[in-house]
1. Is it the case that LEU25 is surrounded by 14 or more Cβ atoms within 10 Å (Cβ to Cβ), on the phi < 0 side of the Ramachandran plot, modelled with pLDDT of 95 or more and among the hydrophobic types (A, V, I, L, M, F, W, C)?
2. Look through ALA19, ALA32 and report the one residue that is of a type outside the set (Asp, Glu), out of contact with any helix residue (DSSP H, G or I) (no Cβ under 9 Å at 6 or more places or on another chain) and either under 24 Å from VAL101 (Cβ atoms) or assigned to a helix (DSSP H, G or I) (or both).
3. Can you find even one residue in region 85-99 that is of a type in the set (D, E, K, R) and touching a Phe, Trp or Tyr at 6+ places or on another chain (Cβ under 8 Å)?
4. Any idea which residue in region 59-101 is farthest from VAL10 (Cα to Cα), counting only those that are free of Cβ contacts under 8 Å to residues at least 12 places away in the same chain and surrounded by fewer than 10 Cβ atoms within 10 Å (Cβ to Cβ)?
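The values are calculated or read from the model by the stated rules, or taken from the named source; none is laboratory data. Here the structure is a predicted model, which is why all the values come from computation and not from measurement. Every residue, glycine among them, receives a Cβ derived from its backbone with ideal geometry; neighbour counts consider all protein chains shown.
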Amino acid sequence: MVDGDVLEIVTVDAFPPVAGTGTALMDAAVAAARADGCRRVVLTTTNDNLDALRFYQRRGFRIATVRPGAVAAARALKPQIPETGAYGIPMRDELELERDV
């Protein structure tokens with residue numbers, strides 16, 4: 001989704017994992033953002049998603065914003081969001097990451 005000069009990545013579903021699909025998708029999103037004149041690419045994940053945090057940071061993204069407690073607000077709208085996420089970590093906070101293009 002493009003908003004002004006920012007491309008927001010809403011989801012990255014790469015299967016099978018560790019096959020290069022996710023990297024190819026991210027590279028394509030950054031290239032599309034650049035072609036559309038965007039200056040930044042942003043995305044949001046949760047505090048428990050360590051694998052995603054590692055993946056994004058290795059591809060040039062940095063943590064830009066931390067929204068403590070934001071998952072509780074999202075859970076009020078979507079009660080199916082679990083209390084505990086990856087690696088048994090309580091899912092509480094949203095982290096916004098960004099990358100210049």
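1. No.
2. Unique residue meeting the criteria: ALA32.
3. Yes, there is a match, as at least one residue in region 85-99 is of a type in the set (D, E, K, R) and touching a Phe, Trp or Tyr at 6+ places or on another chain (Cβ under 8 Å).
4. GLY88
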